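A short write-up of the structure that comes next.
The values are calculated or read from the model by the stated rules, or taken from the named source; none is laboratory data. Source: prediction; values computed, not measured. As a convention, Cβ positions derive from the backbone with ideal geometry for all residues, glycine included, and neighbour counts pool all protein chains shown.
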Amino acid sequence: MSSRQEAFERLRAACDSGQRWDVVVVGGGATGLGCAVDAASRGYTTLLVEAHDFAKGTSSRATKLIHGGVRYLAQGNLALVREALAERAVLLANAPHLVRPLRFVVPTYHWHQVPMLGAGLGFYDLLAGRHSLGRSRLLGRGATREALPGIREAGLHGGIAYWDAQFDDAALAVALARTISDLGSLAINYCRVEGLAKQGGQVVGIEARDAINGEGFSIAARSVINATGVWADELRGLDQPGRRAIIRPSQGVHLVVDADFLAGDDALLVPETDDGRVLFVIPWYGKLVIGTTDTPRDDLPLEPRALESEIDFILDTAGRYLTRAPGRGDVRSVFAGLRPLVGGDGGEQTARLSREHRVDVSDSGLVTITGGKWTTYRQMAIDAVDVAAARAGLPRRPSATLRRRLHGADSGDARRQLARVQAPPDDEAVRHAVGESLACTVEDVLARRHRTLFLDAGQAIDEAPRVARVMAEALGRPAAWVDEQIAAFSEIAAAYRVDGGSAGLGL
Ligand SMILES: Cc1cc2nc3c(=O)[nH]c(=O)nc-3n(C[C@H](O)[C@H](O)[C@H](O)COP(=O)(O)OP(=O)(O)OC[C@H]3O[C@@H](n4cnc5c(N)ncnc54)[C@H](O)[C@@H]3O)c2cc1C
């Protein structure tokens, strides 16, 4: 029996016995998973349900940085930067298998950039205080070329190096899901919330459905946390129809190319592109991730696709900083994600909206947590669970996540983990993903248990038939399932190729 089937057995038994969960969390991205780990760490009986796969939404499509955020520093948002730098230290301690320090180099092409950038990054060190990962320092022209082999040399003056951290977002999500079960609670994927149960005008539970076999569940809860990211307004609407939307989605796009465009171990940061955005070129699992854009969107597709203009913008801008400019044919994968930005009055630029989070409680007691970023998921969770527990009258208990190491942190060797993800999964790894990591579809395995789709979409498409066959054997599925899975995955994966079109798969 897979770990997901076991989770459903427990859920069924809980429903049959009339169990009322202390905390039910809706949404299995960074925010919801963080909330469920937090609630479980306090000893509350906790259930998390995710409509698709863990991190299927925004949480697998990040720039993969655990960072204070140089951009937020420039915006003067010092409280957010300080909090994020402290959280960076917590994550490095609690998930050393998934998070690692990474050095960034900002190349300078004009003398006048140096004092401003130097002072800014010096201040970043200061804000990090005892959590600093190393002091920022000025680099000469030679040292900059050495740190960033492939950087455009014409006019290069020097650079400034500083430290932040990098992670694997989907792997961290799965580690959080497994930490929830380590704590004796339940996290279930492919289980969608379709309604809220109310009594006397108060939310007393959820109506959920197994998205794979259609079984429905009426689940009683003392508190319900809405952590559905850019989709948060949908659940708020189920709670109180006609409520004003609070989410302003903004699309961010990344391209993945081979590492030899910028060989070396350091990342490149351009703090201000021509149109005032930030550009990263980051080594990740043997490739380079280049991004990102910030484009307001009105729709909320589960598989957002990059606009042609976003791809061109990233290629053009990267090309201006690299000796060998990457072209469309060099792109191994393109992925887009929707930032769940909160608030704004229509006329505001989304790049300037707050990345800070917000916790709302409706009259009927639904707690909604929105905004924030991966780096601060743990603090966001503390705030949301504090509010939910107080509102539900649960016994007051402090969060116990500060020193809680996440699943897998003690079993090993970070380098082995890296090598495992870099290559497409072998048959054994596919069986492991199904049996231990709740993977249900070919996409779960090739996009999030392993990152093949994000690293090389063409290779992922080639691997899909084998992965489908091994999964079918492990899950006891018929031959027709194999064909369906290959077709479904190929359709999704086509959009990760630059020739894959530019609409949006509303799944
Ligand atoms: C391009 C980009 C780059 C970023 N880079 C970084 C970075 O480098 N570092 C950083 O710290 N942060 C970064 N962020 C921010 C960070 O990724 C997000 O803040 C975070 O992932 C949001 O997580 P979430 O759980 O709120 O949303 P999601 O991850 O979208 O999770 C919401 C989940 O709710 C589920 N759901 C929706 N409706 C239902 C329902 N009815 N029933 C059950 N489940 C439901 C969805 O399927 C989804 O999985 C980036 C964001 C973007 C867009």
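The condition (being in contact with an Asp or Glu (Cβ under 9 Å, 6 or more places away or on another chain) and on the phi > 0 side of the Ramachandran plot) is satisfied by just one residue among 76, 129, 43, 68: 43.
Is it the case, given these coordinates, that residue 34 is among the small types (Gly, Ala, Ser) and in contact (Cβ under 8 Å) with a residue 40 or more places away in the chain? Yes: the conditions hold for residue 34.
I need the full set of residues from region 207-249 which are at negative phi, in contact (Cβ under 8 Å) with a residue 12 or more places away in the chain and assigned to a helix (DSSP H, G or I), in order please. Selection gives 230, 231, 232, 233, 235, 236, 238, 239. Only residues that are out of contact with any strand residue (DSSP E or B) (no Cβ under 6 Å at 6 or more places or on another chain) and more than 10 Å from the ligand (Cβ to nearest atom) were counted in region 173-217, giving 18.
Looking at 45, 144, 58, just one residue is of a type in the set (S, T, N, Q) and more than 29 Å from residue 27 (Cβ to Cβ), and that residue is 144.
Could you pull out the residue among 133, 176 that is out of contact with any Cys (no Cβ under 8 Å at 6 or more places or on another chain), in the same structural domain as residue 37 (by TED's automatic domain parsing) and closer than 21 Å to residue 94 by Cα?
Details: 133 fails: in the same structural domain as residue 37 (by TED's automatic domain parsing).
That would be 176, the only listed residue that is out of contact with any Cys (no Cβ under 8 Å at 6 or more places or on another chain), in the same structural domain as residue 37 (by TED's automatic domain parsing) and closer than 21 Å to residue 94 by Cα.
When region 24-44 is limited to residues that are assigned to a loop (DSSP other than H, G, I, E, B) and over 15 Å from the mean Cα position of the chain (by Cα), the one that is surrounded by the fewest Cβ atoms within 10 Å (Cβ to Cβ) turns out to be 43. What residue, among those in region 128-157 that are over 18 Å from residue 267 (Cβ atoms) and over 27 Å from the mean Cα position of the chain (by Cα), is surrounded by the fewest Cβ atoms within 10 Å (Cβ to Cβ)? Checking each candidate, the answer is 154. Surrounded by 16 or more Cβ atoms within 10 Å (Cβ to Cβ), within 26 Å of the chain's Cα centre (by Cα) and free of Cβ contacts under 8 Å to residues at least 40 places away in the same chain: is that true of residue 125 in this structure? So residue 125 passes the test. Looking across region 370-398 at every residue that is over 22 Å from the mean Cα position of the chain (by Cα) and not in a helix (DSSP H, G or I), the one that is farthest from residue 202 (Cα to Cα) is identified as 398. Just one of the numbered conditions (1) of a type outside the set (Ser, Thr, Tyr); (2) under 30 Å from residue 100 (Cα atoms); (3) free of Cβ contacts under 8 Å to residues at least 40 places away in the same chain is not true of residue 200: (2).
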